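The structure under discussion appears below in the form of structure tokens.
Each reported figure results from applying straightforward, stated rules to the coordinates on display, with no laboratory input. Please read all numbers here as calculations on a predicted model, not as lab measurements. Cβ: placed from backbone, ideal geometry, glycine included. Neighbour counts: every protein chain shown.
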Amino acid sequence: MTDDNTRQVSFGENDWRNMLITELRRTGGDPSELFEILEGIVEKRAWEYLTDDDGEPVGTLRRLIEEKPPVGAGMPADKVMRLLEIEHRYEHANDQWRERMAALRDTIRRELGAEPLAKHGANQHTEGRNNITSSTRGDNPSYLTARLQRDAPDLAQKVLDGELSAHAAALEAGFVNPKVAIRLDDLASAARTICRKLNRDEVLELIDWLYKLSDA
């Protein structure tokens with residue numbers, strides 16, 4: 001049986017957008033599943049590899065939410081933020097879910113360029129945020145923030161102040177490796193992406209390596 005505290009919605013890489021569209025079109029009911037979908041999208045930073053009609057990454061969470069389908073969900077970001085004011089079904093009586101949803105709300109606010117939400121629930125526990133456990137490792141924003149608070153407090157403060165996302169601060173601190181989506185089924189798109197991310201000398205070195213490997 002799956003532990004409710006660690007349960008997460010999980011889909012194939014290209015299904016995050018479809019599930020977001022479906023959940024945002026639902027009327028009424030419990031938005032808890034939407035929150036879990038958003039949590040997965042934020043952890044994976046899906047807007048960095050989901051592509052638009054030109055084969056380029058969608059680029060921002062706001063565009064993934066607001067752009068009309070099939071690029072985005074076609075929903076005002078303000079509506080998503082209003083939905084996030086509602087408690088997750090497990091949040092009221094469960095500290096771990098409360099912390100997960102607080103991290104989700106703050107991360108989405110930062111990605112959308114808004115101010116952090118007030119903490120939900122009357123009995124918020126903040127002392128656990130500096131603890132790094134195996135269940136929160138990876139690209140999880142709460143894990144990244146906790147590690148920044150431990151190892152790079154200056155960058156952690158920028159995250160808390162809304163100046164940087166947890167992922168951007170972790171990149172600057174060298175905690176995570178940058179991820180770039182390259183379309184191998186569209187070489188022109190792949191070339192444009194590479195040229196945006198690498199300087200001229202790096203591009204020439206890459207070409208040299210491609211020649212060497214293709215002759216191997």
Where in segment 54-87 are there GluC sites (Glu not before Pro) that are in a DSSP coil and have at most 13 other Cβ atoms within 10 angstrom of their Cβ? Glu85
What fraction, in whole percent, of alpha-carbon pairs in segment 142-216 exceed 17 Å separation? 60 percent
Enumerate the amide H contacts of Thr51 below 5 Å, restricted to partners 5 or more residues apart or on another chain; note that Pro and chain-start residues carry no placed amide H. Val58
At a Förster distance of 35 Å, what's the computed FRET efficiency of Leu83 paired with Glu163, Cβ-Cβ distance as r, to 0.05? 0.85
From the Cα gyration tensor of segment 42-111, with a ≥ b ≥ c the square roots of its eigenvalues, which class applies: rounded if a/c is under 1.5, or else prolate if a/b is larger than b/c, or else oblate? prolate
Cross-link partners among aspartates and glutamates for Lys197, C-alpha distance below 20 Å, same-chain residues fewer than 8 apart left out? Glu48, Asp52, Asp54, Glu56, Glu172, Asp185, Asp186, Glu205, Asp208
Counting only other residues whose beta carbon sits under 12 Å from that of Asp30, what net charge do I get with K and R as +1, D and E as -1? -3
